Amino acid sequence: MKVITCRKYGPPEVLKLENWDIPNPKDNQIRVKIINTSVNSGDWRLRKADPKLVRLIFGFFKPRTVILGISYAGVVDSIGKNVTQFQVGDKVLGSTGMNMGAYAEYVCVSETSLVTKLPNTMSFAEGATISFGGLTAIDFIEKCKIQNNQTIVIYGASGSVGSAAIQLAKHFGAKVTAVCSQGNFELVKSLGADEAINYETFLSQKNTLKYDIVFECVGKTEINTDLLFLKKGGNLVLVGASFAQMWESIWISLFKRIKIHIGPIKETLDNLNFLLTLVNLGKYKVNIDRTYPLEEMVEAHRYVEAGHKKGNVAIEVAKL
Ligand SMILES: NC(=O)c1ccc[n+]([C@@H]2O[C@H](COP(=O)([O-])OP(=O)(O)OC[C@H]3O[C@@H](n4cnc5c(N)ncnc54)[C@H](OP(=O)(O)O)[C@@H]3O)[C@@H](O)[C@H]2O)c1
């Protein structure tokens, strides 16, 4: 099978196309013939070990797991003898989490891992791209316990997490202000934002605008600036916080008693199924910016690392 490997940390060019044997599922595993995977912001951070702490977790000198990629959608083509919830031919989507391995034509996963059936209403590309931003956004949104008509500002609203957060915040009854580049206003409004403001205009109003929830998706603002936009008793979400910001936020939460939410998030099957329910109800859509063939993984990484994708980037591994 074709796989994309990452045998050393570095620029997109470290990613190589190789041929590996097709794996066999263990007794409790299903084997998925992957149709689509995706490239997420987490993937390029891991590939280039940014931040350096990545090396402590994934391998000091080189990545211990050679095949990256965490989200996938495809068709079950073989099952282990103890599998009860899936059959050969089932269309599925899932996330391999820290195990990765989705930049490949086949992946074996436990039937009790984060895997579920792909709704008929969704394409494989949508199935492969829903989990990263969607599961991140839902985890943080739930922590904010949104009340009807509360106000939320989503900074960096056009990315994978931001585009998911807009739709989820709307679903829970918030009034959504999306902060993004002017060119993305139409996109964020189509996802449900009540208003869109560009970055410069927004930051220049730090002494006048106040929100119940400040949802910073991209780690580009100072915490002290975010706090200027927060109403008393409000929630600050720092999705893309650096480690320094995480420490800072712990101190601020303790001493100023401000509710600050930081990662890492917990990916759950319940949340994934909740997102799929919203898709089926027509209340949630996955924005796919670009699709690259597996062979163009280097290009896909270059594009995602540039930091301006609109929603998600899918990879076509195979045609059905
Ligand atoms: N805490 C966790 O567990 C967790 C989980 C997942 C992701 N994350 C982190 O969350 C962050 C966002 O992830 P993502 O997948 O949503 O990223 P993404 O899709 O790559 O974000 C792209 C968006 O970032 C915006 N952007 C780029 N430069 C900006 C700037 N200087 N100021 C404001 N916005 C800017 C872009 O908007 P424009 O094109 O309009 O500039 C673009 O729409 C990443 O840092 C990721 O590592 C954390």
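Given a cut-off of under 8 Å on Cα pairs at least six residues apart, what relative contact order in percent is computed for the chain?
Computed value for the chain: 19 percent relative contact order.
Just to confirm the number: angle between the C-alpha axis of helix 124-144 and the first principal axis of the chain, 0 to 90 degrees, nearest 10?
On a 0 to 90 degree scale, this one is about 40.
Evaluate Rg over Rh across the chain, taking Cα atoms for both radii and Kirkwood's formula for Rh.
Across the chain, the Cα-based Rg/Rh ratio is 0.98.
I'd like the distance separating the alpha-carbon centroids of the stretch 160-202 and the stretch 266-290, in whole Å.
Their Cα centres are 17 Å away from one another.
So for the pair residue 98, residue 19, with labels modelled 7 Å out along Cα→Cβ, what separation do we get in nm?
Using points 7 Å along Cα→Cβ, the separation is 3.5 nm.
Using a 1.4 Å probe on the protein chains only, how many percent of the accessible area of the chain belongs to carbon and sulfur?
53
If I fit a long axis through the Cα atoms of helix 269-280 and take the longest principal axis of the Cα atoms of the chain, what angle between them do I get, 0 to 90°, rounded to 10?
Between helix and principal axis, roughly 80 degrees.
Roughly how tilted is helix 243-256, in degrees to the nearest 10 and between 0 and 90, from the longest Cα axis of the chain?
So the helix axis and the longest Cα principal axis differ by about 40 degrees.
Can you tell me the dipole magnitude for the stretch 132-262 around its Cα centre, using point charges on the Cβ only (Lys, Arg +1; Asp, Glu -1), in Debye to the nearest 20?
Result for the stretch 132-262 is approximately 440 debye, rounded to the nearest 20.
Across the stretch 38-54, in residue order, what do the Karplus-derived ³J(HN,Hα) couplings come to in whole Hz, using 6.51 cos²θ - 1.76 cosθ + 1.60 with θ = phi - 60° and x for Gly and Pro?
Taking θ as phi minus 60°, the curve returns 9, 10, 10, 4, x, 5, 6, 5, 5, 4, 9, 6, 10, x, 4, 4, 3 Hz for the stretch 38-54.
Counting only DSSP beta bridges with both residues in the chain, what percent are antiparallel, rounded to the nearest 5?
55
Where only protein heavy atoms count, and the probe is 1.4 Å, what is the accessible area per residue for the stretch 132-262 in Å²?
Ligands and nucleic acids excluded, the result is 45 Å² per residue.
Using +1 on the beta carbon of Lys and Arg, -1 on that of Asp and Glu, and nothing else charged, what's the dipole of the chain about the Cα centre, debye to 20?
620
Is the shape of the stretch 132-262 rounded, prolate or oblate, going by the alpha carbon gyration tensor and its root eigenvalues a ≥ b ≥ c, with a/c under 1.5 for rounded and a/b larger than b/c for prolate?
rounded
Counting every Cα pair in the stretch 162-223, what percent are over 19 Å apart?
26
Express the accessible area of the stretch 29-92 per residue in Å², computed with a 1.4 Å probe while the remaining protein chains stay in the model.
Per-residue value: 46 Å².
Calculate for the chain the 222 nm mean residue ellipticity that helices alone would give, adding -39,500 (n - 2.57) per DSSP H run of length 4 or more and normalising by residue count, nearest 500 deg cm²/dmol.
-9000 deg cm²/dmol
The values are calculated or read from the model by the stated rules, or taken from the named source; none is laboratory data. Here the structure is a predicted model, which means the values were calculated and not measured. Heads up, the Cβs are rebuilt from the backbone with ideal geometry, glycines too, and the neighbour counts pull from every protein chain shown. Calculation scope for accessible area: heavy atoms of the full protein, side chains included, ligands and nucleic acids excluded. Shrake-Rupley method; radii C 1.70, N 1.55, O 1.52, S 1.80 Å.
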